[in-house]
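Have a look at the structure below before the remarks.
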Amino acid sequence: YSVAFDPLDGSSLIDTNLAIGTIFGVYESKDFLGKKGKDQSCAGYSIYGPRTTFFISFGKGVFGFTLHNNEFILSHESISIKDEAKMFSPGNLRACGDNSKYLKITHDWILEQKTLRYSGAMVSEINAIFCKQEGIFSYPSYSKYPNGKLRLLYECAPLGFLMESCGGLALNQKGEDITSLEIKDLHQRTSIFIGSKNEVIRTIKELE
């Protein structure tokens with residue numbers, strides 16, 4: 001087996017004492033190249049915030065555990081992501097300067113009175129979606145990062161695997177399934193739209 005992981009997602013938030021975490025994906029292989037996110041045997045993440053929690057999936061459902069008295073206790077089970085989203089986490093708002101469609105989408109979310117949740121750590125935003133069982137996290141490409149900024153292997157593929165294991169969806173800006181993208185480079189980047197299925201599909205269509 002091989003394990004790909006982001007040891008400290010959201011590290012830029014350490015000095016502000018906001019929640020950060022670790023993301024990992026496990027492959028039954030000696031190498032990652034040529035593999036796809038859907039080839040993962042399991043994936044998960046941990047969050048270091050007011051509580052230490054740990055979420056994992058083996059492909060069928062997502063289960064969450066909370067650290068209590070030096071033991072991880074099952075605290076979240078039967079997680080099912082709703083098709084509609086009332087919460088949004090708009091990453092890379094710099095892209096609004098390049099893409100008027102993305103600006104319109106974020107404006108529409110505000111006018112629709114969706115709840116804003118954003119700290120600057122992808123793992124924290126995705127964790128909020130699992131805990132609330134709805135929402136969307138968006139991180140489009142823009143002029144500085146035309147292929148997107150977030151890493152496929154150790155950020156997007158594991159979280160996409162988790163999301164799709166409980167009814168959610170993870171697509172790139174072209175509408176391609178994140179977990180179906182071939183890993184061609186260890187530091188390969190991608191755009192990502194992940195969370196409630198209908199909201200992800202709607203967002204991708206409005207970006208066309």
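For the stretch 91-102, check the following and say yes or no: at least one residue is touching a helix residue (DSSP H, G or I) at 6+ places or on another chain (Cβ under 6 Å) and either open to solvent by 10 Å² or more (accessible area, probe 1.4 Å) or closer than 20 Å to residue 165 by Cα (or both). Looking for residues that are touching a helix residue (DSSP H, G or I) at 6+ places or on another chain (Cβ under 6 Å) and either open to solvent by 10 Å² or more (accessible area, probe 1.4 Å) or closer than 20 Å to residue 165 by Cα (or both), one finds at least one in the stretch 91-102, hence yes. Sort out which residues of the stretch 33-50 are open to solvent by 20 Å² or more (accessible area, probe 1.4 Å) and either modelled with pLDDT of 95 or more or under 15 Å from the mean Cα position of the chain (by Cα) (or both), and write them in order of number. Correct list: 33, 34, 35, 36, 38, 39, 41, 48. Residues that are modelled with pLDDT under 95 and of a type in the set (Gly, Ala, Ser) within the stretch 80-99 comprise 91, 95, 97, listed in sequence order. Please go through the stretch 71-87 and give me each residue that is touching a residue at least 60 places away in the same chain (Cβ under 8 Å) and either surrounded by 20 or more Cβ atoms within 10 Å (Cβ to Cβ) or within 29 Å of residue 29 (Cβ to Cβ) (or both), ordered by number. Of everything in the stretch 71-87, those that are touching a residue at least 60 places away in the same chain (Cβ under 8 Å) and either surrounded by 20 or more Cβ atoms within 10 Å (Cβ to Cβ) or within 29 Å of residue 29 (Cβ to Cβ) (or both) turn out to be 79, 81, 85.
Pairing each residue of the stretch 51-69 that is at positive phi with any residue that is of a type in the set (A, V, I, L, M, F, W, C), provided the two are 6+ apart or on different chains, yields C-beta distances under 9 Å for 59/42; 59/43; 59/161; 61/79; 61/166.
Of the residues making up the stretch 9-27, just one is out of contact with any helix residue (DSSP H, G or I) (no Cβ under 8 Å at 6 or more places or on another chain) and at pLDDT 95 or above, namely 26.
Can residue 124 be described as within 24 Å of residue 6 (Cβ to Cβ) and surrounded by 18 or more Cβ atoms within 10 Å (Cβ to Cβ)? It is true that residue 124 is within 24 Å of residue 6 (Cβ to Cβ) and surrounded by 18 or more Cβ atoms within 10 Å (Cβ to Cβ).
Looking at the stretch 69-86, is at least one residue assigned to a strand (DSSP E or B) and either touching an Asp or Glu at 6+ places or on another chain (Cβ under 8 Å) or closer than 20 Å to residue 155 by Cα (or both)? No; the residues of the stretch 69-86 include none that is assigned to a strand (DSSP E or B) and either touching an Asp or Glu at 6+ places or on another chain (Cβ under 8 Å) or closer than 20 Å to residue 155 by Cα (or both). Looking across 135, 175, one residue alone is of a type in the set (Gly, Ala, Ser) and either over 25 Å from residue 16 (Cβ atoms) or surrounded by fewer than 22 Cβ atoms within 10 Å (Cβ to Cβ) (or both). It is 175. Scan the stretch 56-68 for residues that are in a strand (DSSP E or B) and either aromatic (Phe, Trp, Tyr) or touching a strand residue (DSSP E or B) at 6+ places or on another chain (Cβ under 7 Å) (or both) and jot them down. Correct list: 56, 57, 63, 64, 65, 66, 67.
Report yes if some residue within the stretch 63-70 is surrounded by 14 or more Cβ atoms within 10 Å (Cβ to Cβ) and under 18 Å from the mean Cα position of the chain (by Cα); otherwise report no. Before you say what the answer is, go through the steps one by one.
From the stretch 63-70, those surrounded by 14 or more Cβ atoms within 10 Å (Cβ to Cβ) are 63-67; that's our starting set.
Restricting the remaining residues to those that are under 18 Å from the mean Cα position of the chain (by Cα) gives 63-64.
Within the stretch 63-70, one or more residues are surrounded by 14 or more Cβ atoms within 10 Å (Cβ to Cβ) and under 18 Å from the mean Cα position of the chain (by Cα).
Across the stretch 1-32, the number of residues qualifying as closer than 13 Å to residue 157 by Cα, in contact (Cβ under 8 Å) with a residue 60 or more places away in the chain and either touching a His at 6+ places or on another chain (Cβ under 8 Å) or open to solvent by 60 Å² or more (accessible area, probe 1.4 Å) (or both) comes to 1.
The values are calculated or read from the model by the stated rules, or taken from the named source; none is laboratory data. Source: prediction; values computed, not measured. Note that we place each Cβ from the backbone using ideal geometry, even for glycine, and neighbour counts take in every protein chain shown. The accessibility values were calculated without ligands, DNA or RNA, using every heavy atom of the protein model including side chains. Shrake-Rupley method; radii C 1.70, N 1.55, O 1.52, S 1.80 Å.
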